[in-house]
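Participant: Okay, handing you the structure first.
Readers should treat all values here as calculations from the given coordinates under stated rules, not as data from a laboratory. In this text the structure is predicted, and so the values were computed from the model without any measurement. For neighbour counting, all protein chains shown are included, and Cβ atoms are generated from backbone atoms with ideal geometry for every residue, glycine included.
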Amino acid sequence: DKAMYKHIFDVCTKKKNDFVFEYFTMQADLINIRTFLRVRKIDESFEFLKDLLLPGSELGEDFFFDIMKEPVEHIVDMLTSKKYSRVVKQGVEAFLNTGSLSTYERLMDDFLLSFVKASRWNPLGIEPVIGYLLAKENEIRIIRIIMEGKINNLPSQTIRERLRDVYV
């Protein structure tokens with residue numbers, strides 16, 4: 001993953017596409033926050049977390065070093081200025097209540113998809129193509145969630161709760 005994100009940001013820097021750069025920066029931020037929550041759940045050290053953080057995130061190692069010493073809820077306060085602050089707030093609340101990251105992951109995917117949806121009407125840019133590719137990935141993710149739920153005999157309501165938004 002680290003090598004892939006390094007390559008993505010190298011290409012973004014060369015191509016100078018703000019939309020793609022912002023999308024992958026927010027994705028790296030949200031994935032790093034999810035990783036932080038997982039590391040806190042298993043009570044590991046900052047050194048362990050540092051090896052797992054993706055490059056390209058606006059939230060650097062210093063941010064996570066500082067937040068590692070604080071209660072998990074504190075991350076919400078530190079990210080209120082970010083576009084994805086609602087995702088972090090609701091996701092962290094669900095994580096603290098359930099111990100599961102499934103709500104955070106669903107909110108993260110829905111947020112990133114809505115970011116792409118907002119730019120899909122730009123006929124002269126790469127945004128519609130990126131949107132199409134991400135929509136297909138999202139459809140595959142939805143099918144996987146449904147199939148795994150059926151295989152594991154989960155109630156329909158539980159499966160519905162895990163489903164992501166669709167790109168329409």
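Participant: D for the range 1-92, whole µm²/s, Stokes-Einstein with Kirkwood Rh over alpha-carbon pairs at 25 °C and 0.890 mPa s: what number?
Facilitator: Value of D from the Cα-based Kirkwood radius: 179 µm²/s.
Participant: Please give the length that would be gained between D1 and K69 if that part of the chain were fully extended, namely 0.36 nm times their separation in residues minus their C-alpha to C-alpha distance (nm, one decimal).
Facilitator: 21.9 nm
Participant: Hey, another quick one. In terms of modelled amide H atoms, which long-range or inter-chain residues lie less than 5 Å from the amide H of Y84?
Facilitator: Residues meeting the criterion, in which the H sits 1.01 Å from N, do not exist here.
Participant: Sticking with this structure for a sec: Classify the range 2-162 from the C-alpha gyration tensor, please: rounded if a/c falls under 1.5, else prolate or oblate depending on whether a/b exceeds b/c.
Facilitator: Note, shape of the range 2-162 comes out oblate.
Participant: Next question, about the same structure. Provide T98, T35 in ascending order of the number of other Cβ atoms located within 10 Å of each residue's Cβ, fewest first.
Facilitator: Least to most surrounded, the residues fall as T98, T35.
Participant: Additional query: Under a cut-off of 17 Å between alpha-carbon atoms, report the aspartates and glutamates in cross-link reach of K150, not counting same-chain residues fewer than 8 places apart.
Facilitator: Within reach: E139, E161.
Participant: Note the per residue figure in Å³ for the convex hull of the C-alpha positions in the range 109-168.
Facilitator: Considering the Cα atoms of the range 109-168, their hull volume per residue is 63 Å³.
Participant: Suppose R0 equals 45 Å; then what is the FRET efficiency for F46 and W121 from their Cβ-Cβ distance, rounded to the nearest 0.05?
Facilitator: Here the calculated transfer efficiency is 0.55.
Participant: Taking 7 Å along the Cα-to-C-beta vector as the label spot, tell me the R160-I146 distance in nanometres, rounded to one decimal.
Facilitator: With each label point 7 Å from Cα toward Cβ, the separation is 1.4 nm.
Participant: Another one. Through the Karplus equation 6.51 cos²θ - 1.76 cosθ + 1.60, θ set to phi - 60°, convert the phi angles of the range 60-73 into ³J(HN,Hα) values in whole Hz; use x for Gly and Pro.
Facilitator: x, 4, 4, 4, 6, 4, 5, 6, 4, 8, 9, x, 4, 4
Participant: Suppose only helical runs count, i.e. DSSP H with n ≥ 4. What mean residue ellipticity at 222 nm does that imply for the chain under -39500 (n - 2.57) per run, divided by all residues and rounded to the nearest 500 deg cm²/dmol?
Facilitator: Mean residue ellipticity at 222 nm (helix-derived): -22500 deg cm²/dmol.
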